[in-house]
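We did not get these values from a lab; they are worked out from the coordinates using the rules stated. Remember, predicted model here, so these are calculated numbers, not experimental data. Because the Cβ atoms are built from the backbone with ideal geometry, glycine has one as well, and the counts that use them run over all protein chains shown.
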There are 2 protein chains.
Amino acid sequence: MTENRLERRKARTRAALVRAAQEFIADGKLNAPILEITQSADVGMGSFYNHFQTKEELFHAALEDALDTFGQVLDSLTGDLDDTAHVFAQSFRLTGRLHRRLPELSKVLLHNGFELTRSGKGLAPRARRDIESALAAGRFTVADPELALTIVAGSVLALGQLLHAQPDRDDAAATDQIAEDLLRMLGVPADEARDISRRALPSVAGSDVA
Amino acid sequence: MTENRLERRKARTRAALVRAAQEFIADGKLNAPILEITQSADVGMGSFYNHFQTKEELFHAALEDALDTFGQVLDSLTGDLDDTAHVFAQSFRLTGRLHRRLPELSKVLLHNGFELTRSGKGLAPRARRDIESALAAGRFTVADPELALTIVAGSVLALGQLLHAQPDRDDAAATDQIAEDLLRMLGVPADEARDISRRALPSVAGSDVA
C-alpha cells in the first residue's frame with residue numbers, strides 16, 4: 001500500500017513536470033532553465049532528476065505525451081468511419097495542420113522527429129495500425145508497411161519544415177495534396193486518392209492539444 | 001589582380017577547412033575542437049572565423065559540399081539514360097545506399113536534413129530538376145512538384161533513420177522498395193514502378209564520396 005502510494009506520488013510529480021514542459025514548449029520558452037520549469041510544476045529540483053536526466057529528455061517526454069493525447073483525439077474522430085483509407089487520410093490531414101496551429105510543438109517535433117517515428121506512443125503506432133488495417137481490408141497495397149510508414153513519417157516532418165520555411169503557403173492545401181500523393185503511394189487509385197483527401201474534416205477545436 | 005589573388009587565397013582556405021571537416025565527419029569525430037580542425041587544415045584559428053561562425057556551420061558546409069560532389073557523380077551516371085523516371089529512380093536508389101556506406105556523413109545529414117532539403121546545392125535541386133523533367137515528359141503526374149520533392153526528401157531522411165535503427169535490415173532492398181513506392185506516388189503505374197526500381201545499378205565505387 002505504501003509502495004502504491006509512493007508510486008502514485010511519483011507519477012503525479014512526473015505528470016506535473018510533463019504538463020509544465022508542455023506549457024513552456026507552447027510558449028516557445030525552450031531555453032528556460034530547469035529550475036524555472038520545476039518551480040512552475042511546483043516540484044523540487046531533486047524530483048526532476050528522479051525522472052529525467054536532462055531538459056531535452058523532459059521535452060521529449062512532453063512532446064510524446066502531447067502527441068499521444070492528439071492521437072486519442074484522432075482516434076475518437078475516426079471511430080465512425082467505415083473506409084480504412086479514409087481513416088488514414090483524415091488523421092494525416094489533421095496531423096499536418098498541427099504544424100501551423102501549434103508551431104512551437106511542431107518545432108520540438110522536427111527537432112526530435114526521427115526518434116519519435118520509432119516511439120511506441122503517440123502518432124507513429126497509430127499510423128502503423130491504420131496502414132495495416134487498410135492493407136488487411138485490401139484498400140492499400142504496399143510490400144512493406146514499415147517502409148510505407150517511413151515515407152509517411154518523413155513526409156509529415158518534411159511538410160512541417162516546408163510550412164515553417166514558407167509562411168505564406170496554404171497549410172491545409174499543402175497537407176491535403178501530400179495526403180493525396182501518399183494515398184497513391186499506398187496503392188489507392190489516383191481519382192479516389194483525390195476524392196478521399198478532399199472530404200470535409202471534423203473539428204478538433206475542443207481538444208486540449210489542437 | 002591583388003584582389004583576385006586574395007580572393008583565390010580565401011577560397012583555398014575555405015576549401016581546406018571544408019575538406020578537413022569532411023575527414024572529421026567521416027571519422028565520426030564530430031566533437032573535435034575547432035583548433036584541431038584548423039590544424040588539420042593547416043590554417044590559423046583567425047582564418048576559421050573569417051569563413052564560419054561556428055563548427056556547426058563548417059560541418060553544414062562540408063556536408064553540402066560532399067552532397068554536391070555526390071550529386072555530380074549521380075549526374076554523370078544518368079547522362080545516358082533516356083527515361084526520366086529511370087533517371088530519378090537510379091539517383092534515389094544510389095542516394096539511399098549512402099546511409100550505410102557513409103554512416104557518419106549520413107548522421108550529419110540527418111542532423112541537418114530539413115535545412116538541406118531547401119539548399120540550392122547538393123541533392124535537393126537535382127531531385128527537383130529530375131522530378132520536373134519527368135513531369136514535362138509526361139512520366140510523372142503530380143499536382144505540385146515541390147510537395148512531391150518534400151515527400152521524397154522526407155523519405156530519404158526517414159529511411160536513413162530506419163537503417164541506423166535497424167542495422168540488420170537490408171539497406172539496398174529497403175531503398176529500392178521505397179523508390180518503388182515513391183514512383184507510384186509520382187504517378188507511375190505499379191508494375192512499371194516495380195520494374196524501374198529493380199534495374200541494375202551502375203557502380204559508384206571510384207568516386208570520392210561513395
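Sorting A:D130, B:D191 by the number of Cβ atoms found within 10 Å of their own Cβ, with the fewest placed first, yields B:D191, A:D130.
As a proxy for reagent exposure, ranking B:S133, A:S47 by other Cβ atoms within 10 Å from fewest up yields B:S133, A:S47. Set the Cα radius of gyration of region A:62-196 against 2.2 N^0.38 Å, with N its number of residues, and you get 0.98. Label-point separation (nm) for B:K10 and B:E146, each offset 7 Å from Cα along Cα-to-Cβ? According to this spin-label approximation, the distance is 3.1 nm.
Put simply, region A:1-73 fits an ellipsoid with semi-axes of 20, 17, 9 Å; these come from the alpha carbon gyration tensor as the roots of five times its eigenvalues, largest first. Sites listed here are trypsin sites (Lys or Arg not before Pro) in region B:1-107 whose DSSP assignment is loop and whose Cβ has at most 15 other Cβ atoms within 10 Å: B:K29.
Shielding by partners for peptide A:158-164, expressed as the average number of C-beta atoms from other protein chains within 10 Å of each residue's C-beta, is 6.
The share of alpha-carbon pairs in the protein assembly as shown lying farther apart than 36 Å comes to 33%. Taking every C-alpha pair closer than 8 Å and separated by at least 6 residues, the mean separation divided by the residue count of region A:62-196 gives a relative contact order of 32 percent. The same position B:R8 in the other copies lies at 8.0 nm from this copy, comparing label points 7 Å beyond Cα toward the beta-carbon, shortest first.
Between identical copies, the spacing of A:A26 label points, each set 7 Å from Cα toward the C-beta atom, reads 5.0 nm from nearest to farthest.
Please sort through the DSSP H helices of chain A and keep those with an alpha-carbon extent of at least 15 Å along the long axis and a Kyte-Doolittle average not below 0.5.
Values: long enough: A:2-26 (36 Å, -0.80); A:55-78 (34 Å, 0.00); A:84-96 (18 Å, 0.26); A:103-116 (19 Å, 0.13); A:124-136 (18 Å, -0.57); A:145-165 (30 Å, 1.37); A:171-185 (21 Å, -0.10).
Span-like helices in chain A: A:145-165.
Per residue of peptide A:45-51, the mean number of Cβ atoms on other chains within 10 Å of the residue Cβ is 0.
Would you list B:H99, B:H111 from fewest to most Cβ contacts within 10 Å?
Working: B:H99 24, B:H111 16.
Ascending number of Cβ neighbours within 10 Å: B:H111, B:H99.
Note on A:141-153: average number of Cβ atoms from other chains within 10 Å of each residue's Cβ is 6. For a straight C-alpha distance cut-off of 18 angstrom, the lysines reachable from B:K107 (same-chain residues fewer than eight places away being disregarded) are B:K29, B:K55.
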